[in-house]
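Participant: Here it is: the structure, laid out below.
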Amino acid sequence: MKLDKKIITIDGPSASGKGVLSSSLANHLNFSLLDSGLLYRAYAYCYESSLDHELALKSFESINFVNASNKYSVNHDGNEITKQLRSESMAKIASKISMMPETRKNLISIQRSFKNDNGLIADGRDMGTVVFPEAAYKIFLTADPETRAKRRFLELQKKGQEVNMRDLIKDIEARDKADTERSLSPLIPASDASIIDTSILDPDQVLSRAIELVC
Ligand code: DC
């Protein structure tokens, strides 16, 4: 397979630091960004009301991703739904719906359509293994569950959402298990991925390591 140097995949479990690294690396390299988790959340939002994949895909056509310096907000039929999509309850629904083969099939070409000549950072769970196996640079982030729960806690608290640390750890572990053990596109590093453990690194240190890997 011919490797594509204009695609960098960043995979890993929730709150491993993918989002922060992806947008900072995209800004550093002037690449565009695919936040595939947000696509799964938006698809879950569309699927929830009908429980039908054909109707979900139709409803997904009314989703608009608005990019401001590689931070996305999302509208559906003109209504802003970003906050709803970023909630823990939507993360749980997205994790469940992402196991359905129809969901993954419906989203793969949409994700691939983000590929462009200027360069793409693809953030997700299966970017390096399934969606962009041709990416020349593949990064897989890890961090222990307590560190990730603490990060998620602070993030949700900042957004004014009520959270409980013990519930968060439980949710993160359950989601890791579901994402890792599902038969379709499980959360695993590609064989050619570089693994960065972010548990004791700050975002600038993670960005520096990533730049060393891709430049
Ligand atoms: O990255 P995130 O927390 O926004 O993703 C929400 C859920 O979407 C995640 O629990 C599993 C699913 N997902 C997926 O299955 N494949 C991806 N490439 C991205 C997300």
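Participant: Being in contact with a strand residue (DSSP E or B) (Cβ under 7 Å, 6 or more places away or on another chain), without any contact (Cβ under 8 Å) to a residue 24 or more places away in the chain and not in a loop (DSSP other than H, G, I, E, B) is the filter here, so list the residues in segment 41-70 that pass it.
Facilitator: Ile63, Asn64, Val66 - these are the residues of segment 41-70 that are in contact with a strand residue (DSSP E or B) (Cβ under 7 Å, 6 or more places away or on another chain), without any contact (Cβ under 8 Å) to a residue 24 or more places away in the chain and not in a loop (DSSP other than H, G, I, E, B).
Participant: With the structure loaded, tell me whether Asn116 is more than 15 Å from the ligand (Cβ to nearest atom) and open to solvent by less than 60 Å² (accessible area, probe 1.4 Å) or whether it fails that test.
Facilitator: Values: more than 15 Å from the ligand (Cβ to nearest atom): yes; open to solvent by less than 60 Å² (accessible area, probe 1.4 Å): yes.
So Asn116 passes the test.
Participant: Any idea how many residues of segment 157-172 are in contact with a helix residue (DSSP H, G or I) (Cβ under 7 Å, 6 or more places away or on another chain) and not in a loop (DSSP other than H, G, I, E, B)?
Facilitator: 5
Participant: Just the residues that are within 10 Å of the ligand (Cβ to nearest atom) and of a type in the set (Lys, Arg), please, taken from segment 1-30.
Facilitator: Once the filter is applied, which keeps residues that are within 10 Å of the ligand (Cβ to nearest atom) and of a type in the set (Lys, Arg), segment 1-30 yields only Lys18.
Participant: Determine if segment 47-64 includes at least one residue that is within 24 Å of Ile121 (Cα to Cα), among the polar types (S, T, N, Q) and within 16 Å of the ligand (Cβ to nearest atom).
Facilitator: no
Participant: Can you pull out the residues in segment 131-182 that are out of contact with any strand residue (DSSP E or B) (no Cβ under 9 Å at 6 or more places or on another chain), among the hydrophobic types (A, V, I, L, M, F, W, C) and in contact (Cβ under 8 Å) with a residue 12 or more places away in the chain?
Facilitator: Passing the criteria: Ala149, Phe153, Leu156, Val163, Met165, Leu168, Ile169, Ile172, Ala178.
Participant: Given the conditions (1) of a type outside the set (Phe, Trp, Tyr); (2) open to solvent by 30 Å² or more (accessible area, probe 1.4 Å); (3) under 16 Å from the mean Cα position of the chain (by Cα); (4) at pLDDT below 95, report the number of the one that Ala91 does not fulfil.
Facilitator: (2)
Participant: Next up: Exactly one condition in (1) under 21 Å from Arg148 (Cβ atoms); (2) open to solvent by 30 Å² or more (accessible area, probe 1.4 Å) is not met by Gly12; state its number.
Facilitator: Against the list (1) under 21 Å from Arg148 (Cβ atoms); (2) open to solvent by 30 Å² or more (accessible area, probe 1.4 Å), Gly12 comes up short only on (2).
The values are calculated or read from the model by the stated rules, or taken from the named source; none is laboratory data. From a predicted model like this one, the values you see are computed outputs, not experimental measurements. For neighbour counting, all protein chains shown are included, and Cβ atoms are generated from backbone atoms with ideal geometry for every residue, glycine included. All accessible areas refer to the heavy atoms of the entire protein, side chains included, with ligands and DNA or RNA removed. Shrake-Rupley method; radii C 1.70, N 1.55, O 1.52, S 1.80 Å.
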